[in-house]
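Please read the structure below before turning to the comments.
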Amino acid sequence: MTANNGASAGTREQVWAALDTFRIEIPSWGFANTGTRFGKFIQLGAATSIADKFADAGEVHRLTGASPTVALHVLWDLPNGASDVQSIRELEARHGVRAGSINPNLFQSQEYKFGSLANPSAEIRRKATDHLVESVEISRALGSRDVSIWVADGSNYPGSQSMRKRIAWIEEALQAAHEATNAEQRLLIEYKPFEPAAYHMDIADWGMAYHFARSAGPRAAVLVDTGHHYQGTNIEQIVAWLLHLNALGGFHFNDRKYADDDLTLGSIDPYQVFRIFHEMLSAPPKASRDVAYMIDQSHNLKGKMEAMVQSILAAQELYAKAVLVDRAMLDRLQDQGRIVEAEECFRAAFWTDVRPLVREWRAARNLPADPLRTLAESGYVQRTEQQRGAANQRSVTSYA
Ligand code: PSV
Ligand code: MN
């Protein structure tokens, strides 16, 4: 039987059911002005406060229906720590989006010049660990499940630090953070092989993150940021391994061409995102059920609202494509070594144009059929430019 848009009724049902449950968290920092190490280009409508960030996140969720939670960075969004929880609660109620993962900040204090959790100074390690524990408490007070930990520690020159001692220091700190969690909470440990340190990063790859998660305790898992790999790394294989090990906790999605470029999801390599979703959908529910999908992007040229909406639409479309893979058929073809047919079975799903189906689903769920267009027509961005323009202009540093 063929329904609208040439999609079979079964296909339509499958895709709709998948979209009904698909959620992707958006980052508060994706709405604020950012730049490169060479400078910032200010956007007049960028968020200037946590209230602006919640307003923007709420608007994105109204447009897409897929992003009910917003990731918060403690230092940027709760500068007074736990005493800011009440004001976050009020913003949640006002804007219809909840606090999502809580991100400690272990990279901006001057004291962290030689590291945070892996600093050779016991006193600084203690300060960093206290911040982790406080982040766990903030997360609990907000009713959010995950604390996402990215450790920027490392060194720039061979011989300048003991890589081995630092392993033990990080183990100790993460164990302390894990002890502070309750049964509903999780620690997600993110890895990155480069930047800011130039010679060695203390948590450089998934193997190291996996070890730290295991040594921390049962409520710790690995977070895969798609921008945190060397060129050509087979990320879906890492995903397959972590699923096999029951150790995948979440994703930070973004696209990249060269380094950690933080580009719109699917803008450079949509096939890779599709392949990752295929691994997720192939895994037993026990391993994949609790994996958090999050966006980690900050756009310095592209409009922030548009970028966020585009990323969510791309995620939904690529997820829908992955849903279409005939996994039973693929399994048979793989077992029989029928290379070309297996590959074509896989690619057929990727090349299916799911956009009409996704549009239909949106209309059926009372969401805008074309969220980007609705955003453009709503005048939201122009209004924020008027409201926030002066504050953003004041923040421009002039060297003239
Ligand atoms: C580091 O590059 C990272 O991916 C971490 O997740 C940080 O929390 C985030 O970016 C903030 O910029
Ligand atoms: Mn990240």
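Here, each number is a calculation from the coordinates, and none is a lab measurement. Because the structure is predicted, anything quoted here is derived from the model rather than measured. Reconstructed Cβ throughout: ideal geometry from the backbone, glycine too, with neighbour counts over all protein chains shown.
Starting from 0.36 nm per residue, how many nanometres of slack lie between F38 and K286 once their C-alpha separation is accounted for? All intermediate terms of the calculation are to be shown ahead of the outcome.
Values: separation 248, 0.36 × 248 = 89.28 nm, distance 4.47 nm.
Result for the pair: 84.8 nm of gain on full extension.
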When a footprinting reagent is the concern and you count Cβ atoms within 10 Å, what order do S83, S155 take, fewest first? S83, S155
Across all directions of projection, what mean area in square nanometres is found for the Cα convex hull of region 344-393? 5.9 nm²
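Most exposed first by the Cβ proxy, i.e. fewest other Cβ within 10 Å, how do T226, T21, T374 rank?
Details: T226 21, T21 7, T374 15.
Starting with the residue having the fewest Cβ neighbours, the order is T21, T374, T226.
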Rounded to whole angstrom, the alpha-carbon centroid of region 296-319 lies from that of region 33-79 at a distance of 12 Å
If each residue of separation counts as 0.36 nm, what is the full-extension length gain between A390 and R332 once their alpha-carbon separation is subtracted? 14.7 nm
Which value in nm describes the separation of the simple spin-label points at V340 and D370, placed 7 Å from the Cα toward the beta carbon? 4.0 nm
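From the cross-link list K113/K257; K40/K257; K53/K192; K192/K286; K53/K304, which pairs have alpha carbons spaced over 18 Å apart?
Distance filter (> 18 Å) returns K113/K257; K40/K257; K53/K192; K192/K286.
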First measure r as the distance between the Cβ atoms of S160 and Q382, then evaluate 1/(1 + (r/R0)^6) with R0 = 45 Å and state the FRET efficiency to the nearest 0.05. 0.35
quick note, the chain, DSSP beta bridge pairs, % antiparallel (nearest 5) is 20 percent
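Mean Kyte-Doolittle hydropathy of 0.0 or higher plus an axial Cα length of 27 Å or more: which whole DSSP H helices in the chain meet both? Can you show the working numbers first?
Values: long enough: 122-142 (30 Å, -0.31); 304-323 (28 Å, 0.47).
Within the chain the helices that satisfy the rule are 304-323.
Highest first, please rank the peptides 289-302, 324-337 by the mean number of other Cβ atoms sitting within 10 Å of their residues. Could you put the intermediate results ahead of the total?
Details: 289-302: 18.8, 324-337: 14.2.
With the highest mean Cβ count within 10 Å placed first, the list reads 289-302, 324-337.
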So, with points 7 Å from each Cα along the Cβ direction, the R89-E195 label distance in nm works out to 3.8 nm
Sequence-separation-based contact order of the chain, relative, with Cα cut under 8 Å and 6+ spacing, percent: 19 percent
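If I take all pairs of Cα atoms in region 18-109, what percentage of them are more than 19 Å from each other?
On the way: 1772 of 4186 pairs.
Looking at region 18-109, the distances longer than 19 Å represent 42 percent of pairs.
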For the residue pair I268 and Q110, what label-to-label distance in nm results when each label sits 7 Å from Cα along the Cα-to-beta-carbon direction? 3.5 nm
Using only the alpha-carbon atoms of region 244-294, report the extent along each of the three principal axes, biggest first, to the nearest angstrom. 33, 17, 15
Using the Cα gyration tensor of region 187-241, with a ≥ b ≥ c the square roots of its eigenvalues, what is the shape: rounded (a/c below 1.5), prolate (a/b larger than b/c) or oblate (neither)? oblate
Using 1/(1 + (r/R0)^6) with R0 = 45 angstrom and r between the beta carbons of A259 and E13, what's the FRET efficiency to the nearest 0.05? 0.65
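Based on the alpha-carbon gyration tensor of region 22-321 and its eigenvalue square roots a ≥ b ≥ c, which shape applies: rounded if a/c is under 1.5, prolate if not and a/b is larger than b/c, or oblate?
Values: a/c = 1.33, a/b = 1.17, b/c = 1.13.
Rounded, since a/c falls under 1.5.
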Residues A82 and H211, FRET efficiency given R0 of 35 Å [Cβ-Cβ distance, rounded to 0.05]: 0.70
